[in-house]
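The values are calculated or read from the model by the stated rules, or taken from the named source; none is laboratory data. Remember, it's a predicted structure, so these values are computed and weren't measured experimentally. Note: ideal-geometry Cβ built from the backbone for every residue, glycine included; neighbour counts use all protein chains shown. SASA here: full protein model, heavy atoms, side chains in, ligands and nucleic acids out. Shrake-Rupley method; radii C 1.70, N 1.55, O 1.52, S 1.80 Å.
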Amino acid sequence: MKEMARYAAVLGTICLVASASLAVVNSLTRDKIIAQAQAEEEASLKEVMPAADHFEAVKKDTETLYYRALDKDGSLIGICFKAEAKGYSSTVQTVAGMFKDGTINAIKVVSQNETPGLGTKVTEPSFTDQFKGKKGLEEVQAITGATISSRAVIDSVAKKAEELKGILNAP
Amino acid sequence: MKKLLSEFTKGIVKENPTFVLMLGLCPTLAVSVTVINGIGMGIAATFVLLSANIIISLLKNIIPARVRIPCFIVVIATFVTIVEMAMKAYSPALNRALGIYVPLIVVNCIVLGRAEAFAQKASVGRAILDGLGMGLGFTLALILICAIREFLGAGTLMNYSLIKGFEPARVFGMPSGALLVIGLLVGLFNVLKNRKG
Amino acid sequence: MPPKDEIKDNRLTVSFSPHLHKDESVSRIMWMVVLSLVPAGIAGVAIFGLNSLWVILLGIISALVTEAALQVATKRKVSISDGSAFLTGLLLAYNLPPDVPFWLPIAGSVFAIAIGKQIFGGLGQNIFNPALVGRAFLMACWPKLMTTFSGPFDAITQATPLAALKEGKLIEHISYLDLFLGKHGGCIGEVSILALLLGALFLFIRGYISWHIPFTFIFTTGLITFIFGGTQPLGAGAGFGGDWLFHILSGGLILGAFFMATDYVTSPLTRKGQIIFGIGCGALTAVIRIWGGYPEGVSYAILMMNAATPIIDRYTKTRVYGA
């Protein structure tokens, strides 16, 4: 019995010290981690909507629906949004920037884990540049040999764009 | 002195964790796509290995034998979490590339293996040397595998393309290529070992 | 290299290879199979032009060189005259598109012989058909080069009939006769069914292959594509309308069924086992073609059944008399 108590005491102490040190490290890095995530998000938004000066997240509860892209004076020039769909071997996440009139400015695939050399081509400019200045995405050509990955990007962006157009045009 | 030195050098070739002890193959297979990944993973694992070895060697007389495994795991998990938080804060790109395999260092058998097989019986000094040597051996093995895979699978090394017009063999960027490369390297290690012995 | 008798203890080898007593006969069979494949090669070169001849020659030469080099390096007897490496190189080249760059057949043959065969201990020890190992490797490495086919008689890129089918395009101008004669895009050795059947007939008559694997293989593929391969899904009341003849005549089915699934080393020993093997190959081929990501599934089907061969052998083994 006494032995058992000793085991518990040793293990408990180790756990206590461990959690205390983790708490310290966490408080040191927390702000930095949040800032990094924000900077990253900001950077990808900037990339698909370079004309914007800053972005404003439009939220429903805690979930971000889309971002309003604003110029220096704070007037709306367009929106940015995240679209995702199941690709061939992963969920493909795309960030897209769209002007007020519904024209896509640019897209960027931010996260995917598709087949190297085939599906991963959706991240390359030869594919993503096709989206520039398009209103409808019917003309965007899927990559030969990577139809499923390409469709994931095209369809998810088109669907989300359609949804948001409705919101934009609503009074 | 010579004996102390051998605690350090044994991890590099003679008891190389990857090619001879065959430990920690899961992260090796998963992250060894580019050399940068390999270096990052190697450094992270070496830090955890070294820190865990030190602490466990220090506590070797306090930790009761019957609860040693949970104690080791708590110590290791703490250091892994520290590495993960630091990586997220200071190198988010690397963190993204290594993904789930950073937290999985907790169950990397090299770390627990060295704690169990070595650090809990050794002096702090020897535990440090062992941790450094094993970490270095793991890192070097990773870099070797990564270099082969990155060159064959993407045609680059450290993200610089080397030969113009080289059509990369994509399979080496995929898990099956990792198995192939590691299998062949283990075979090569065995051939070299048998030739010497 | 361990001495010969240690190899027998190798746990990887679950089954025993045929107890071949005369090296003479193995080598003879190999060369006969090579001979039977000649018409298909001639047809391929006639249809796709001289480039395919170079592909075939490069495939064969690099297979022979790799085999010899590895046997010298591991201090074993050089046995390139037994025809097995020659056959591997030939079959690999037959499974390539006609206009591939010159290094592709070389890379494929080196991999096929080194990883597909010699690493297991050479002829008779390999689990998988080496030529198909080489092909699978090339497919995984350079998918684009391996799926770019030029059409017959000119160098214009053309999808294979199966690839066109996969993409939902129906190819109406292709007749069964075209498929039979090989007037369509495809791999060098697989397109001319006529030439392949000539070779297969020769092997049948001389008794080098039996009907068990090829016929069950082709029949099963035909049956499943007939039931499930229709343009409308089964539930819509349409099943049973699949174009089975199209499926049999296109792709590598004939080449695979007669010349690769029948490989002595990697297929079951007993008749019963061979029938199971053939049905398995056929079912997997049809499944990959109809529901899979690739248009063609013959090579993967054979490789998967190669892996199942030791188990098939174990369960169909003839009972030892008196045991």
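Quick check on this structure: which one of B:Thr34, B:Thr28 is within 22 Å of B:Met158 (Cα to Cα) and open to solvent by less than 30 Å² (accessible area, probe 1.4 Å)?
Residue meeting the stated conditions: B:Thr28.
Being part of a helix (DSSP H, G or I) and more than 19 Å from C:Gly251 (Cα to Cα) is the requirement here; does C:Phe111 meet it? Steps first, please.
Numbers: part of a helix (DSSP H, G or I): yes; more than 19 Å from C:Gly251 (Cα to Cα): yes.
Spelling it out, C:Phe111 is indeed part of a helix (DSSP H, G or I) and more than 19 Å from C:Gly251 (Cα to Cα).
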Original post:
Residues of region A:14-39 being loosely packed, with under 13 Cβ neighbours inside 10 Å and either of a type in the set (D, E, K, R) or more than 9 Å from chain B (Cβ to nearest Cβ) (or both), which ones?
Top reply: A:Leu16, A:Ala20, A:Ala23, A:Val24, A:Ser27, A:Asp31, A:Ile34, A:Gln38
**OP:** Please specify each residue of region B:177-197 satisfying the condition of being open to solvent by 60 Å² or more (accessible area, probe 1.4 Å) and either closer than 12 Å to B:Ser32 by Cα or in contact with a strand residue (DSSP E or B) (Cβ under 8 Å, 6 or more places away or on another chain) (or both).
**Re:** B:Leu179
**OP:** Please specify each residue of region C:76-108 satisfying the condition of being under 15 Å from C:Gly41 (Cβ atoms) and part of a helix (DSSP H, G or I).
**Re:** C:Phe86, C:Leu87, C:Thr88, C:Gly89, C:Leu90, C:Leu91, C:Leu92, C:Ala93, C:Tyr94, C:Pro105
**OP:** Out of A:Gln93, A:Gln141, report the one residue that is open to solvent by 10 Å² or more (accessible area, probe 1.4 Å), closer than 30 Å to C:Leu145 by Cα, within 14 Å of another protein chain (Cβ to nearest Cβ) and within 15 Å of the chain's Cα centre (by Cα).
**Re:** A:Gln93
**OP:** Return the residue satisfying two criteria in turn: it lies in region B:89-111 and is crowded, with 17+ Cβ neighbours inside 10 Å and farther than 16 Å from B:Ile39 by Cα, and of such residues it is farthest from the other protein chains (Cβ to nearest Cβ).
**Re:** B:Ile110
Original post:
Only one of (1) away from chain C (no Cβ under 14 Å); (2) in contact (Cβ under 8 Å) with a residue 24 or more places away in the chain; (3) charged (D, E, K, R) is not met by B:Arg149, so which one is it?
Top reply: (1)
Original post:
Which condition number does A:Val109 fail, the rest of (1) open to solvent by 50 Å² or more (accessible area, probe 1.4 Å); (2) within 14 Å of chain B (Cβ to nearest Cβ) being met?
Top reply: (1)
Original post:
If we keep just the residues of region C:122-148 that are touching an Asp or Glu at 6+ places or on another chain (Cβ under 8 Å) and crowded, with 20+ Cβ neighbours inside 10 Å, which is farthest from the other protein chains (Cβ to nearest Cβ)?
Top reply: C:Leu123
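Counting only residues that are surrounded by fewer than 14 Cβ atoms within 10 Å (Cβ to Cβ) and touching a helix residue (DSSP H, G or I) at 6+ places or on another chain (Cβ under 8 Å), which one in region B:161-175 is nearest to the other protein chains (Cβ to nearest Cβ)?
In the first step, residues of region B:161-175 are kept if they are surrounded by fewer than 14 Cβ atoms within 10 Å (Cβ to Cβ); the result is B:161-166, B:175.
Filter once more, keeping what is touching a helix residue (DSSP H, G or I) at 6+ places or on another chain (Cβ under 8 Å): B:162, B:175.
On the way: B:Leu162: 17, B:Pro175: 11 Å.
Among them, the one singled out is B:Pro175.
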Original post:
For region B:1-113, which fully contained helices (runs of 4 or more DSSP H) count at least 3 residues that are more than 16 Å from the chain's Cα centre (by Cα), among the charged types (D, E, K, R) and farther than 30 Å from B:Leu180 by Cβ?
Top reply: B:2-9
Subject >> Of all residues making up region A:144-171, the number that are in contact with a Gly (Cβ under 8 Å, 6 or more places away or on another chain) and either at pLDDT below 80 or over 26 Å from A:Asn113 (Cβ atoms) (or both) >> reply: 3
Original post:
Out of (1) part of a helix (DSSP H, G or I); (2) surrounded by fewer than 16 Cβ atoms within 10 Å (Cβ to Cβ), what's the single condition that is false for A:Val58?
Top reply: (1)
**OP:** Could you list, in sequence order, all residues of region C:94-114 that are surrounded by 19 or more Cβ atoms within 10 Å (Cβ to Cβ) and either in contact with a strand residue (DSSP E or B) (Cβ under 9 Å, 6 or more places away or on another chain) or farther than 23 Å from B:Phe172 by Cβ (or both)?
**Re:** C:Tyr94, C:Pro97, C:Pro98
Subject >> Failed item in (1) at pLDDT 90 or above; (2) more than 9 Å from chain B (Cβ to nearest Cβ); (3) open to solvent by less than 50 Å² (accessible area, probe 1.4 Å); (4) within 30 Å of A:Ser111 (Cβ to Cβ), with A:Tyr67 passing the rest >> reply: (1)
Subject >> So A:Lys86, is it more than 19 Å from A:Ser149 (Cα to Cα) and surrounded by fewer than 16 Cβ atoms within 10 Å (Cβ to Cβ) >> reply: no
